[in-house]
Amino acid sequence: MSFQRVALIGKGLLGTAVLEQLSKSSFDVTVLSRDPSSLSGLPSGVSTSAVDYSSIDSLVSALQNQDVVVATLGAAAILGQKVIIDACIKAGVKRYIPSDWGSITTDPTARHLPTNYPFVQIQDYLKEKAQKGELEYTILSTGGFFDGILDVPFLLDLSTSSVEYFDEGQHPFSVTTLDGVGKAVVGALKVPAQTKNRNIFVHQALITQVKMVSIVKKYSTSGRQWQETYVNGETKFNESLDLATKNPGDFGFIMGLLKAMALSGKFNSAYSTVDNDLVGLPILSDEELENLVVSKLREKGQ
């Protein structure tokens, strides 16, 4: 079996990167949107289709003759994928790649975390459909998005020249560029038998807080003074989980929990075994990693 026709749902930063890689390959790509006229910067040869995501009939119509659906939706729309999955089955779609691009969303020990709840619901729903032979799936775990890792106070805070180290900042975690995620999607679709009903793990680098801070210090403004503090990872995680649980609508507390999940070393945020060779995604060299950091620093005037 091979795939030819791919429908993309969601064209934000990640969707745009995935679309670029799909369009460079041999796939016939259609972007689904509530308002196709609002889409800009579409690569040559890419089609569009109007769809009402709340209507299964509209979705079924838009997904006719598609082999694969790739979802790159925002967090608020994750649970809404159930109706998309149902529409895929009715339309005869063969494979679904869910919007599940997190670092530890498939870690069995992290299923109970509030930030993982919607992802777990969709994972279980897809596995149920796959067991019945109704729809195949591929879940891609890609680690953190490296492109935006310096845009927010996560590993460090560029705006205040400060860093809060979790356990000396030595816990590694996986990262992939948006471009790399797109390449992994293409690679997974080119080997359908090997990626059928599987959780594929990829990353382009394993980094630590200490490593990233070292690179930033090396290339950022000369004479810059850094404020460095240290926290116990286990304690910080428990505090962050308590705050996020008590304040589920507070984005700041949610970000705090995501940070603690990735940096505390408690979960599988550093992939010891990856499927990069299977999907044809190279690992970044130290020089390439540094060049990406330098580019981001220059972009931010740092």
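The values are calculated or read from the model by the stated rules, or taken from the named source; none is laboratory data. Just so it is clear, the structure is predicted and the values come from calculations on it, not from any experiment. As a convention, Cβ positions derive from the backbone with ideal geometry for all residues, glycine included, and neighbour counts pool all protein chains shown. Just the protein is used for accessible areas: all its heavy atoms, side chains included, with ligands, DNA and RNA removed. Shrake-Rupley method; radii C 1.70, N 1.55, O 1.52, S 1.80 Å.
Against the compact-protein benchmark of 2.2 N^0.38 Å, the Cα-based radius of gyration of segment 157-232 scales to 1.54. Each part gets one Cα centre, and for segment 237-302 versus segment 10-47 those centres are 26 Å apart.
Note: relative contact order over the chain, using C-alpha pairs below 8 Å and six or more positions apart, is 18 percent. Amide H to amide H distances under 5 Å link Tyr165 with Thr229, Tyr230, Val231, where only residues 5 or more positions off or on other chains count and H is placed in the peptide plane.
Calculate the translational D of segment 117-162 in whole µm² s⁻¹ from Stokes-Einstein, where the hydrodynamic radius comes from the Kirkwood formula applied to all Cα pairs, the temperature is 25 °C and the viscosity 0.890 mPa s. Don't skip to the end; give the middle numbers.
Details: Rh = 13.6 Å.
Taking Rh from Cα pairs, D becomes 181 µm²/s.
Placing +1 on the Cβ of every Lys and Arg and -1 on the Cβ of every Asp and Glu, with nothing else charged, gives the chain a dipole about its Cα centre of roughly 460 debye.
3J(HN,Hα) along segment 75-80, derived from phi through the Karplus expression 6.51 cos²θ - 1.76 cosθ + 1.60 where θ = phi - 60°, amounts to 4, 5, 9, 4, 5, x Hz, with x in place of Gly and Pro. Once the Cα atoms of helix 286-299 and of the chain are each reduced to a long axis, what angle between those two axes, in degrees from 0 to 90 to the nearest 10, is obtained? Helix 286-299 and the main axis of the chain meet at about 90 degrees. Close amide H partners of Gly144, meaning residues 5 or more places away or on another chain with modelled amide H under 5 Å apart, are Ser174, Val175, Thr176.
Determine the relative contact order of segment 1-79: mean sequence separation of Cα pairs under 8 Å and six or more apart, normalised by residue count, in whole percent. Walk me through the intermediate numbers first.
Details: 117 pairs, mean separation 32.2, N = 79.
Averaging sequence separation for qualifying contacts and normalising by length gives 41 percent for segment 1-79.
What translational diffusion coefficient, to the nearest whole µm²/s, does the chain have by Stokes-Einstein, given a Kirkwood radius computed over alpha-carbon pairs, a temperature of 37 °C and 0.692 mPa s viscosity?
Details: Rh = 20.3 Å.
So the translational diffusion coefficient is about 162 µm²/s.
Loop-resident trypsin sites (Lys or Arg not before Pro) (DSSP state other than H, G, I, E or B) in segment 72-129 with no more than 15 further Cβ atoms inside 10 Å of their Cβ: Arg111.
With all projection directions averaged, the alpha carbon convex hull of segment 149-278 covers 9.6 nm². Judged by the ratio a/c of the largest to the smallest principal axis of the C-alpha gyration tensor, segment 50-181 counts as prolate, that ratio being 1.5 or greater while a/b is larger than b/c. With runs of 4+ DSSP H residues as the only contributors, calculate the mean residue ellipticity of the chain at 222 nm using -39,500 (n - 2.57) per run, divided by the residue total and rounded to the nearest 500. Computed ellipticity for the chain at 222 nm equals -11500 deg cm²/dmol. Pick from Asp67, Asp28, Asp124: which residue has the top mean-square fluctuation in a GNM of the chain where Cα pairs under 10 Å get a spring? With Cα springs under 10 Å in the chain, the top fluctuation among Asp67, Asp28, Asp124 is at Asp124. What the chain shows is 45 Å² of accessible area per residue, with the surface traced by a 1.4 Å probe over protein heavy atoms.
A P(r) calculated from all alpha carbon pairs of segment 30-123, with 5 Å bins opening at zero, reads 2, 13, 22, 21, 18, 12, 8, 3, 1 percent. Segment 167-191 and segment 209-229 have their alpha-carbon centroids 24 Å apart.
Principal-axis analysis of the Cα atoms of the chain puts helix 81-91 at an angle of about 30° to the longest axis. Here is the list for segment 231-302: trypsin sites (Lys or Arg not before Pro) lying in DSSP coil, each with at most 15 other C-beta atoms within 10 angstrom of its C-beta, are Lys300.
Remark: segment 257-302 carries a charge dipole of roughly 420 debye about the Cα centre, counting +1 on each Lys and Arg Cβ and -1 on each Asp and Glu Cβ.
Rounded to the nearest 20, the size of the Cβ-charge dipole of segment 66-121 about its Cα centre is 140 debye, with Lys and Arg at +1 and Asp and Glu at -1. Helix 251-263 and the longest principal axis of the C-alpha atoms of the chain enclose an angle of approximately 80°. Among Val185, Val152, Val210, the residue with the largest mean-square fluctuation in a Gaussian network model of the chain, with springs joining Cα atoms closer than 10 Å, is Val152.
Across segment 203-302, Cα-Cα pairs farther apart than 25 Å form 40% of the total. For segment 18-76, the fraction of alpha-carbon pairs lying more than 17 Å apart is 41 percent, rounded to a whole number.
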